[in-house]
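Just so you know, all these numbers are worked out from the coordinates, no wet-lab data involved. Fair warning: this is a prediction, and the values are worked out from it, not measured in the lab. Backbone-built Cβ (ideal geometry, glycine too); neighbour counts: all protein chains shown.
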Amino acid sequence: MATKLFIDGEWVEATGGSIATLNPATEEVLAEVAFAGKSDVDDAVNSARAAFNNPAWRDLLPVQRAALLFRLADLIGAHAEELAELETRDQGQPIGVSRAVSVQGAAEHFRYYAGWVTKIEGTTSPISFPNTLQYTRREPIGVCALITPWNFPLMILAWKLAPALATGNTVVIKPAEQTPLTAIRLVELAAEAGFPRGVINLATGDGSTGAALVEHPGVDKVSFTGSTAVGKSIVRASAGNLKRVTLELGGKNPSIIAADADINAAVGGNIAGGTLNSGQVCAAYSRFYVNKKREDEFVEKMAAGMAGLTLGSGLDATTQLGPLVSAEHLAHVERLVATGVPQGAELITGGARAMDKGYFFEPTVFAGVKDTMTIATDEIFGPVLSVLSYDDDDELQELINRANATDYGLAATIWTKDLTAANRLANGIRAGAIFINMPPIPDMAAPWGGFKSSGWGREMGPYSIDAYTEVKGVWMHYGE
Ligand code: NAD
Ligand code: MG
């Protein structure tokens, strides 16, 4: 029996049939999931609109709205192990990652934004008009469509849902078709937490469901995390009613390893940063600019570290590298990796799919990579690392130019003990997050998002409060 949609506080059958979600480690069907057709999308948007105008939500006091978010965080905590196992089954990520990153990260997001509800302040402005008070209010935008990808389904949904609710919006959630199960469970928990009917709606389905939401005149804002190609289509499709749009898109993130770097730390951090969730991380480091003096040592140690990773089902606690999410994505990774050797790169380790069952890919290292090769320019989103090099006498500016020679600008990392060089590189690289001597770890308190084709806007910290509110100025004349 297929799962249902959640619309206006009820679990209802979809008119669009269903779509299967698989366990990528076993290729078995986990569930048939409701497929929201156009009329279901209409119902979900109408429900969210009615809830937005309903005093039961609109007039909640900040402390009451905060209490709902705190309760949902507690419910995530109470069901942490169940959610972690569900995420691993549906997505493939190692159970330790599910527990520590996905589930704990989601709960912490709800707590963090629950704390914000009572701290969303306005300003007063020193206008040059006599006897008039001018102040600002931050008001919710309205109905928000939250469209999420398959790599961190629960956590990325929390990145959006927590601030959207904290600021008083209502939502329609559209999870990725490959990994909808933790979103469905989260919505059940949110209903248990006591959010008024219609505030949270769930429209599972595929890209066509997402497209119906993006085109819908009843949607005021779209927050999307996913591919750059779909992000561009969302910008075009949202023009009808000039929706507010936040986009977190792809990356091809450089990691610079200077001659004075602590190579063991760089190897450990880069393997962590390059292979977390099998490299299916938007901020994954995937192109390495290594000082020629350390190139051989770096390649040798990276290859040994990569080849030593234990592949397997994410449910096995010893697994370090789970499967890729789907057969389609495995084919995408294989296609890009296949360009490496013909274009002149040297395959040091890996390079092929692994295991008899499941969508596994070997941890892969290429050396001798040149800037224009496909494996240096295209987002692979797999456990594939491309090592390039630079000469000692190359100017830092040249390194900055090479790092910036991409349409993306999400993240970058620099491994060096020279803080002057680190800061020059950090200032010169056009990316939303620069990490110095560490892996790429988002944190709810710090801004997240991309320059250039890696996105629009920022999420997290106070930036998400901006992203989910409109500013209203009120002018009140009080005398002669
Ligand atoms: P995707 O763009 O194919 O799909 C993402 C979501 O959009 C899914 O829910 C999908 O059903 C929906 N969708 C597809 N077509 C749509 C359309 N025309 N209109 C509206 N919605 C549509 O992306 P993916 O393959 O699931 O995710 C991988 C991508 O996400 C990578 O490029 C990765 O870099 C990026 N990503 C970015 C971040 C970040 O924070 N910047 C985080 C995670 C993933
Ligand atoms: Mg799945």
Point to revise | 5 Å binning of all Cα-Cα separations within the range 20-117, expressed as whole percents from 0 upward | key: 2, 12, 13, 13, 15, 18, 16, 8, 2, 0
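Using DSSP to define loop residues, name the trypsin sites (Lys or Arg not before Pro) in the range 92-186 whose beta-carbon has at most 14 other beta-carbon atoms within 10 Å. Please list the in-between numbers first.
Details: sites: R99, R111, K119, R137, R138, K160, R185; in loops: K119.
Here the trypsin sites (Lys or Arg not before Pro) that fit, given the DSSP loop and packing criteria, are K119.
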Point to revise | Estimated D of the range 273-380 in µm² per second, where Rh is the Kirkwood radius over Cα pairs and Stokes-Einstein applies at 37 °C, 0.692 mPa s | key: 227
Check your understanding: Rounded to the nearest 0.05, what FRET efficiency do A272 and N427 have when you use their Cβ-Cβ distance and R0 = 22 Å?
Key -> 0.30
Check your understanding: With a ≥ b ≥ c the root eigenvalues of the C-alpha gyration tensor of the range 414-461, is it rounded (a/c under 1.5), prolate (a/b larger than b/c) or oblate?
Key -> oblate
Study note, to complete from the structure: Shape descriptor, the range 59-197: equivalent ellipsoid semi-axes (Cα gyration tensor, sqrt 5λ, whole Å, largest first) stand at 34, 15, 13
Check your understanding: Shape of the chain from its Cα gyration tensor (a ≥ b ≥ c, root eigenvalues): rounded if a/c is under 1.5, otherwise prolate when a/b > b/c, or oblate?
Key -> oblate
Exercise for review: Please give the contour-minus-distance gain from V29 to E81: 0.36 nm per residue of separation, less the Cα-Cα distance, rounded to one decimal in nm.
Suggested key: 16.6 nm
Study note, to complete from the structure: Surrounding charge for P447, neighbours by C-beta under 13 angstrom, Lys/Arg +1, Asp/Glu -1, total -3
Point to revise | Loop-resident sites, the range 305-408, for GluC sites (Glu not before Pro), counting at most 14 other Cβ within 10 Å (DSSP) | key: E395
Revision key, fill the gap. Counting Lys and Arg as +1 and Asp and Glu as -1 over every other residue whose Cβ sits under 15 Å from the Cβ of M373, the net charge comes to +1
Practice item. Enter the Cα centre distance for the pair the range 377-391 and the range 125-146, rounded to the nearest angstrom. Key: 46
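As a footprinting exposure proxy, order E300, E28 by other Cβ within 10 Å, with the fewest listed first. Don't jump to the answer; show the numbers that get you there.
On the way: E300 15, E28 12.
In order of increasing Cβ crowding within 10 Å: E28, E300.
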Study note, to complete from the structure: Per the 1/(1 + (r/R0)^6) rule, R0 = 30 Å and r from the Cβ atoms of D296 and D407, FRET efficiency to 0.05 is 0.45
Study note, to complete from the structure: Subtracting the Cα-Cα distance of E346 and T318 from 0.36 nm times their residue separation yields 7.1 nm
Review point. Does the range 158-220 come out rounded, prolate or oblate by the C-alpha gyration tensor, with a ≥ b ≥ c the root eigenvalues, rounded set by a/c under 1.5 and, if not, prolate when a/b is larger than b/c and oblate if not?
Key: oblate
Point to revise | Percent of Cα pairs exceeding the 18 Å cut-off, where the set is the range 340-468 | key: 64
Revision key, fill the gap. Between T377 and A445, the two model label points (7 Å from Cα along the beta-carbon direction) sit apart by a distance in nm of 4.1
**Study point:** Calculated FRET efficiency for the pair Y478/A239, C-beta based, R₀ 41 Å, to 0.05
**Key:** 0.50
Check your understanding: Sorted by average packing, counted as other Cβ atoms within 10 angstrom per residue and highest first, what order do 169-175, 469-475, 233-239, 3-9 take?
Key -> 169-175, 3-9, 233-239, 469-475
Review point. PRE reach from R58 (point 7 Å along Cα→Cβ): which of the range 164-181 fall under 17 Å by backbone N?
Key: 167-171
Practice item. Just need the relative contact order of the chain here, percent rounded to a whole number, with Cα pairs under 8 Å and 6+ apart. Key: 18
Exercise for review: Would you give the gap between the C-alpha center of the range 27-81 and the C-alpha center of the range 275-336, rounded to a whole Å?
Suggested key: 35
Review point. In the structure displayed, which of K119/K174; K160/K243; K221/K452; K4/K160; K38/K232 lie more than 19 Å apart, Cα to Cα?
Key: K119/K174; K221/K452; K4/K160; K38/K232
